[in-house]
Amino acid sequence: MNKSRTIVVALGGNAISHEFEEGNIHQQFANTRQSLSGVVELIAAGYRVLITHGNGPQVGNALIRVEEARHLVPVLPLGVIVGDTEGGMGYMVEQCLQNKMHDRGIKKEIATIVTQVLVDPDDPSIANPTKFVGPFYKKGKVEEMAKRPGWVLKEDPGRGWRRVVPSPVPREIVAKKVIKLLVENDIIVVASGGGGIPVYIDKGNGWYEGIDAVIDKDLASAVLARDVEAEELMILTAVEKVALNFKKPNEQLLDQVTLREIKNYYREGHFPAGSMGPKIQAAINFLESGGRRVIITSIERSMDAISGSAGTVIVT
């Protein structure tokens, strides 16, 4: 490994909130500590590290709190909720990593940046919500939940019904110069949590304005990696390797593939939009923008993936 390299590590939603758990704060801290084992190894190996994370369950829970308390306190827009969860979860990731580095005798500073991310206000997803957030509902509960103002629910195949919200494509990290400056000074950065806060620039006055939406964490991670000129992107998810014909009799696990090969597989429809699709699109985007390598693997095998004995590696 090249010790001068910069890597963005994207922690999947299951890194902090495990499926079928209650998801209380004690469980979230415990899961976060476990998920950072591979990150500590990267830091110990000399990498400059940036960390991003998902926040779907947390945003969903916050939306439920807003709905239940709307008769008592003012409603918060989705963009502000993303900012709130990004700050709170950033604190959790930062503290857990500080403690793990303390145990390893690693002395480095960590900074959490609540990150605005530019999007197109005319992005088609704003009119057609697709991003799953919050808990899963059984089919019998769907009709009741769909009556809530502004709620749209769709089936997450094989998992249940969930709320969907707009998810515009990320274009640029607003604080990219600040983040890059921190990384260049060997400070570990937690940024673009949950995909970051979606904002656009008003054409009339040039102001930043928020949008009631969430951004896909993996796509935002690729933009962050591009904007800070990182060499590598690691996406940690629920499976050890990317697969063709996933869960079919002819399933084929991928060890190392080229950008050209993964683009062909993507066009052939091997990676569904609701699961592996955004991760593969993020990998393609990053490599096409100048990145050198993408690793996709499970949180449990992240340390093995660092040494090359696990995961799927995508190269140019």
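Worth a mention:
- Filtered by the rule that a residue be surrounded by fewer than 21 Cβ atoms within 10 Å (Cβ to Cβ) and within 16 Å of Pro278 (Cα to Cα), the stretch 227-247 gives Ala238, Val239, Lys241, Ala243, Leu244, Phe246.
- Every pair of residues 6+ apart whose Cβ atoms lie under 8 Å, when the first sits in the stretch 39-68 and is touching a residue at least 40 places away in the same chain (Cβ under 8 Å) and under 18 Å from Leu182 (Cα atoms) while the second is polar (S, T, N, Q) and buried (at least 24 other Cβ atoms within 10 Å of the Cβ): Val39/Ser302; Thr52/Ser192; Thr52/Ser221
- Across the stretch 107-162, the number of residues qualifying as of a type in the set (Ser, Thr, Tyr) and over 21 Å from the mean Cα position of the chain (by Cα) comes to 1.
- Residue match in the stretch 212-234 (condition: in contact (Cβ under 8 Å) with a residue 24 or more places away in the chain, assigned to a helix (DSSP H, G or I) and among the acidic types (Asp, Glu)): yes
- Evaluation of Leu287 against (1) surrounded by 21 or more Cβ atoms within 10 Å (Cβ to Cβ); (2) closer than 16 Å to Ala15 by Cβ; (3) free of Cβ contacts under 8 Å to residues at least 60 places away in the same chain (one fails), failing number: (2)
- Out of Arg162, Arg148, sole residue that is of a type outside the set (Ser, Thr, Tyr), over 30 Å from Ala175 (Cα atoms), touching a residue at least 24 places away in the same chain (Cβ under 8 Å) and not in a strand (DSSP E or B): Arg148
- Flag for Gly194 being at positive phi, in contact with a Pro (Cβ under 7 Å, 6 or more places away or on another chain) and crowded, with 19+ Cβ neighbours inside 10 Å: no
- Members of the stretch 248-263 found to be basic (Lys, Arg) and either more than 19 Å from Pro278 (Cα to Cα) or at pLDDT below 95 (or both), listed by number: Lys248
- Selection of the stretch 1-38 for residues being out of contact with any Lys or Arg (no Cβ under 8 Å at 6 or more places or on another chain), among the hydrophobic types (A, V, I, L, M, F, W, C) and either at pLDDT 95 or above or more than 26 Å from Pro135 (Cβ to Cβ) (or both) yields Met1, Val8, Val9.
The values are calculated or read from the model by the stated rules, or taken from the named source; none is laboratory data. The shown structure was predicted, so the numbers you read here are calculated from the model rather than taken from an experiment. Using ideal geometry, Cβ is built from the backbone for each residue, glycine included, and neighbour counts are taken over all protein chains shown.
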